[in-house]
Amino acid sequence: MIKSIFMTTTGGICDRCGRPIMNVFTVVYIDGSRQTFGSECVRKFIAPEGTKIIKTRMEHLAQYMDYRKCLAMDTPPVGSSSQDGYFVADSKGESIFITGELVRWGVHGGNHWVFHTKYTTGGKVVTDKMHADYEKAKKEVDQAIDNLQKSIAYLIRKYGQADLSKTA
């Protein structure tokens, strides 16, 4: 039985099909053993009624893993900009938008963009300073990743029809 599951973007080889994978799902079983799988192999053993929600959660997880990577950069990517600053972007150049419900399950609202403010004097940028919500955004992204990983593990246990380790 599965004890926990988590995702990394370190890359590796799927233990089920042997193909190279970018997004690695590490499954930890109750006996302590571990195996790594790609998202396609994880989805193959899910009952049809669980496929859509798990796919959506996996997409959100990959998105928030990307957000984490971009927010950790010394100079984060630039999204939409204005005279006062710019929105921090993900690796695709799209402004990062944090969904409050993914950070706090069941709580609607709290959605926001991550903004980088430029302070100017006489038309010249004097300081380039992060908005106060920037550090909060990093914590929220980490919380959303943790919530999504737990949710995916729960859904895999709920909708799983077979042992992941069986060969394709």
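For the structure I just gave you, tell me whether residue 51 is β-branched (Val, Ile, Thr) and loosely packed, with under 15 Cβ neighbours inside 10 Å. So residue 51 passes the test.
So in region 43-75, with the set limited to residues that are hydrophobic (A, V, I, L, M, F, W, C), part of a helix (DSSP H, G or I) and touching a Leu at 6+ places or on another chain (Cβ under 7 Å), which one is modelled with the lowest pLDDT?
This residue is 54.
Residues in region 9-24 that are of a type outside the set (Lys, Arg) and in contact (Cβ under 8 Å) with a residue 60 or more places away in the chain: 9, 15, 17.
Within region 78-102, the residues that satisfy the criterion of being over 17 Å from the mean Cα position of the chain (by Cα) and assigned to a loop (DSSP other than H, G, I, E, B) are 83, 84. Failed condition for residue 163, given (1) closer than 21 Å to residue 6 by Cβ; (2) modelled with pLDDT under 80; (3) in contact with a Gly (Cβ under 9 Å, 6 or more places away or on another chain); (4) acidic (Asp, Glu), with all others met? The single condition residue 163 does not satisfy is (3).
Of everything in region 25-40 that is crowded, with 19+ Cβ neighbours inside 10 Å and modelled with pLDDT under 85, the residue that is farthest from the chain's Cα centre (by Cα) is 27. Any idea which residue in region 91-148 is modelled with the highest pLDDT, counting only those that are loosely packed, with under 13 Cβ neighbours inside 10 Å and aliphatic (A, V, I, L, M)? Among those that are loosely packed, with under 13 Cβ neighbours inside 10 Å and aliphatic (A, V, I, L, M), it is 107.
Taking residues in region 54-67 that are farther than 14 Å from residue 151 by Cβ, and partners anywhere that are of a type in the set (Val, Ile, Thr) and assigned to a helix (DSSP H, G or I), the pairs with Cβ atoms closer than 7 Å and at least 6 places apart or on different chains are 65/145; 67/141. Residues of region 1-14 that are surrounded by fewer than 19 Cβ atoms within 10 Å (Cβ to Cβ) and either more than 16 Å from the chain's Cα centre (by Cα) or within 14 Å of residue 159 (Cα to Cα) (or both): 1, 2, 3, 4, 12, 13. In region 79-98, the residues that are farther than 16 Å from residue 137 by Cα form Cβ pairs under 9 Å with partners that are part of a strand (DSSP E or B) and of a type in the set (A, V, I, L, M), at six or more places apart or across chains, as follows: 80/89; 93/78.
The values are calculated or read from the model by the stated rules, or taken from the named source; none is laboratory data. Quick caveat, the model's predicted, so the values are computed rather than measured. Ideal geometry is used to build each Cβ from the backbone, glycine not excepted, and the neighbour counts take in all protein chains shown.
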